[in-house]
Amino acid sequence: APAQQVTSALLLSQLLKRFESSLEAFRRTLGKMIGSHDRFLEILDRGYVAVPRVSPEAFDAGLDDEDLDLLLAEDPNARPTSEYLVVDLRERVTADRDLLRTLLARAATIDAAHDPKLDALLDTLARIETAATHADERKVVLFSYFADTIDYLHRFLEATSDPRMAPYRDRIGVTTGA
């Protein structure tokens, strides 16, 4: 149980980091987590329990049914469901996946125009513009650990017609990667 608590805490921490990064990053992470849960349940239906971290090949969406069955049969880390309380496991994984789907559905109702973080960014840009005494003082650099957050911000800033963005229009550059 302590190992499960540590794993749960790490997952929650990562999900919170993605949520804090941007709504788009949060939505993408939820989508990936839902896909992993779906794949886990599919593998469970085949009579195995596989863990993405230990058996990543089993979670490759490009595998056809025959290749997946062969991989699971040969993977020493894929354990037969007979070693588990499979009914409880299926119920818990399904409940977790359904909760993730609910979170994703709620997150999907918020468009960029109603994203409070994007509005706060525009407010910050407006304050910088107001305080600037010359153009060099309007230079802004945004950093994020997550490239999809930078892409989300860039798409929004390029598309918005909000007047707070006017001084920065056509002056945006984006760089991602190490």
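Bear in mind these aren't lab numbers, they're just calculated from the coordinates by the rules spelled out. Computed from a predicted model, the values in this text were never measured in an experiment. As a convention, Cβ positions derive from the backbone with ideal geometry for all residues, glycine included, and neighbour counts pool all protein chains shown.
Listing for the model above:
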quantity: For Val49, distant residues with modelled amide H under 5 Å away; calculated: Arg79, Thr81
quantity: 3J(HN,Hα) from dihedral phi, the stretch 34-39, Karplus parametrisation 6.51/-1.76/1.60, rounded to Hz, x for glycine, proline; calculated: 4, x, 5, 5, 4, 5
quantity: Calculated P(r) over Cα pairs in 10 Å bins from 0, in percent (choose from (1) 10, 36, 35, 17, 2; (2) 11, 40, 38, 11, 0; (3) 8, 27, 26, 18, 12, 7, 2, 0), label; calculated: (3)
quantity: Helical contribution to [θ] at 222 nm, DSSP H n ≥ 4, -39,500 (n - 2.57), averaged over the chain, rounded to 500; calculated: -20000 deg cm²/dmol
quantity: Electrostatic dipole magnitude of the stretch 99-154 [Cβ: Lys, Arg +1; Asp, Glu -1; Cα centre; debye, to 20]; calculated: 200
quantity: Using a Förster distance of 22 Å, the FRET efficiency for Glu74-Val51 (Cβ separation, nearest 0.05); calculated: 0.90
